[in-house]
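Participant: Here it is, the structure in full.
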Amino acid sequence: MRKQIIESLEAPKPIGPYSHAVRLGDLVFSSGMIGIDPKNGELVKGGVRAETHQVMENLAAVLRTGGASFAEVLRVTIYLTNLGDYPEVNEVYGSYFTSEPPARSTVQVAALPRGAAVEIDAIASVGA
């Protein structure tokens, strides 16, 4: 099995030396996504709710390019700069996983790239 590098034209370009995702067999491992608008390369305005929505849209684009969808996500990690944002992030995130949500961890971190409030990564199994 060879790894396949996943780069989505619908997601913002990586801001460092990493790929959007890597696929190995039926597994897709995404990099962490922050709320960058792929049209202008800027962090979206509007607070953590707007950022979370953009993160999920970016993640959806990367998963699609890798042949997966939210229905096939097995595991997610959410990174927050303020755990006080947990309820708002949870509400937006939950609208993308309406049934059979994946396993998940949520952690508070000191800072995220570009001053983002939230970052999310995922592991999906194509055809799960």
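Participant: Within region 3-125, what percent of beta bridges assigned by DSSP are antiparallel, to the nearest 5? Walk me through the numbers before you get to the answer.
Facilitator: On the way: 20 of 26 bridges.
The answer is about 75 percent antiparallel.
Participant: Full extension from residue 126 to residue 26: what is 0.36 nm times the residue separation minus their Cα-Cα distance, to one decimal in nm?
Facilitator: On the way: separation 100, 0.36 × 100 = 36.00 nm, distance 0.50 nm.
Taking 0.36 nm per residue and subtracting the Cα distance, the gain is 35.5 nm.
Participant: If we count every other residue with Cβ under 11 angstrom of residue 92's Cβ, Lys/Arg +1 and Asp/Glu -1, where does the sum land? Walk me through the numbers before you get to the answer.
Facilitator: Numbers: positive: 49; negative: 51, 57, 85, 88, 91.
So the environment of residue 92 carries a net charge of -4.
Participant: Can you tell me how much longer the chain between residue 39 and residue 114 gets when fully stretched, taken as 0.36 nm per residue apart minus their C-alpha distance, in nm with one decimal? Walk me through the intermediate numbers first.
Facilitator: Numbers: separation 75, 0.36 × 75 = 27.00 nm, distance 1.63 nm.
Additional length available on full extension: 25.4 nm.
Participant: Okay, moving on. Report, by chain and number, residues whose modeled amide H sits under 5 Å from the one on residue 21, excluding near sequence neighbours (fewer than 5 apart, same chain).
Facilitator: Under 5 Å from the amide H of residue 21: 6, 31.
Participant: Expected output is a single nm value to one decimal: the length gained when fully extending between residue 106 and residue 19, i.e. 0.36 nm times separation in residues minus the C-alpha distance. What is it? Spell out each step's value before the answer.
Facilitator: Numbers: separation 87, 0.36 × 87 = 31.32 nm, distance 2.25 nm.
Fully extending the segment from residue 106 to residue 19 adds 29.1 nm.
Participant: Mean residue ellipticity at 222 nm from the helices of the chain, using -39,500 (n - 2.57) per DSSP H segment of n ≥ 4 over the full residue count, to the nearest 500 deg cm²/dmol?
Facilitator: Values: 2 runs with 27 residues, N = 128.
Rounded to the nearest 500, it is -6500 deg cm²/dmol.
Participant: Please report, largest first and rounded to whole Å, the three semi-axes of the ellipsoid equivalent to the chain, where each semi-axis is the square root of five times an eigenvalue of the C-alpha gyration tensor. Could the numbers behind the result be given before it?
Facilitator: Values: eigenvalues 97, 59, 31 Å².
For the chain, the semi-axes come out at 22, 17, 12 Å.
Participant: For 33, 1, 56, which order do you get if you count the other beta carbons within 10 Å of each Cβ and list the fewest first?
Facilitator: On the way: 33 26, 1 8, 56 22.
Starting with the residue having the fewest Cβ neighbours, the order is 1, 56, 33.
Every read-out reported here was derived from the displayed coordinates using simple, explicitly stated rules and does not represent laboratory data. Just so it is clear, the structure is predicted and the values come from calculations on it, not from any experiment. Cβ: placed from backbone, ideal geometry, glycine included. Neighbour counts: every protein chain shown.
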